[in-house]
Amino acid sequence: MKKLTHDKSILKIFLFIFIIIICYWCSQNICYYYLDDIAVIYLSQLYQFLILRIILSNVFFFLINYIFQIFDINYKYILKYCFILILLSTVLLTLRPATMRAANFNITDIDQIWNGQQGSRMLLIANILLYAPLGFIYYKITHEKTILAFIDFLIFISLVELCQYYLKLGIFDIYDIFFNTMGFLIGFLFSKLLVYLIKQRRFKNEQKKD
């Protein structure tokens with residue numbers, strides 16, 4: 001019996017490694033043929049392209065496991081893992097070496113950004129969408145009040161921008177703080193709304209049963 005359990009454990013380890021390799025292979029091909037051409041507009045460092053592949057690999061892994069139920073993974077642990085992964089990924093994706101110290105502050109008028117090049121508009125939209133998944137998972141984990149979540153994220157994103165400036169890893173952009181916070185709140189409020197709607201639906205179903 002012990003030998004059988006041991007054999008199953010070894011099999012699961014090999015299966016886990018095999019699935020990880022397949023997931024990374026899929027993410028590599030998707031990034032190479034589709035995403036890299038878009039990402040090159042915003043990303044400049046090799047590690048940032050690697051992060052994209054790691055994120056996609058994780059998405060594929062959890063999707064495969066969700067469909068086939070291969071590994072017994074606690075839902076709460078997945079949420080916490082995804083939160084940490086997205087948090088680190090979004091921070092690393094936004095860090096890029098600054099070319100000039102004098103250009104490390106950006107207080108450009110919002111009208112100039114929106115009415116400028118198409119790339120500026122896309123970057124603005126990307127800044128909103130970048131932290132939306134973080135806000136979505138943050139509510140799932142903490143169930144914190146909106147105002148407290150807003151303050152927490154505002155402090156966090158301000159510290160990130162300050163680190164970018166003082167470490168010469170990017171530009172301190174006041175609009176990054178504004179739009180990143182907006183994206184975080186969109187994800188947070190959407191998650192909150194989704195939880196509320198699910199609870200309402202369950203409540204109605206229970207009433208029908210009674």
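Taking 0.36 nm per residue of separation and subtracting the current Cα-Cα distance, fully stretching the chain between residue 197 and residue 28 would add 57.2 nm.
Using 0.36 nm per residue, how much length does the chain from residue 40 to residue 189 gain when fully extended, once their Cα-Cα distance is taken away?
Value of the extension gain: 50.6 nm.
Place the peptides 12-18, 154-160 in order of packing, highest mean first, counting for every residue the other Cβ atoms within 10 Å and averaging per peptide. It would help to have the intermediate numbers written out before the result.
Numbers: 12-18: 11.1, 154-160: 15.9.
Ranked from most to least packed, the peptides come out as 154-160, 12-18.
Put in line by how crowded their Cβ is, counting other Cβ atoms within 10 Å and starting with the fewest, 144, 206 read 206, 144. Going from the fewest other Cβ atoms within 10 Å to the most, the residues 163, 82, 26 appear in the order 163, 26, 82. Length gained on full extension, residue 70 to residue 145, computed as 0.36 nm times the residue gap minus the Cα-Cα distance: 23.4 nm.
Taking the number of other C-beta atoms within 10 Å as the exposure measure, put 173, 37, 152, 72 in order starting with the fewest. Write out the running numbers ahead of the final one.
Numbers: 173 22, 37 10, 152 14, 72 7.
Lowest to highest Cβ neighbour count: 72, 37, 152, 173.
Here, each number is a calculation from the coordinates, and none is a lab measurement. Quick caveat, the model's predicted, so the values are computed rather than measured. We place every Cβ from the backbone using ideal geometry, glycine too, and count neighbours over all the protein chains shown.
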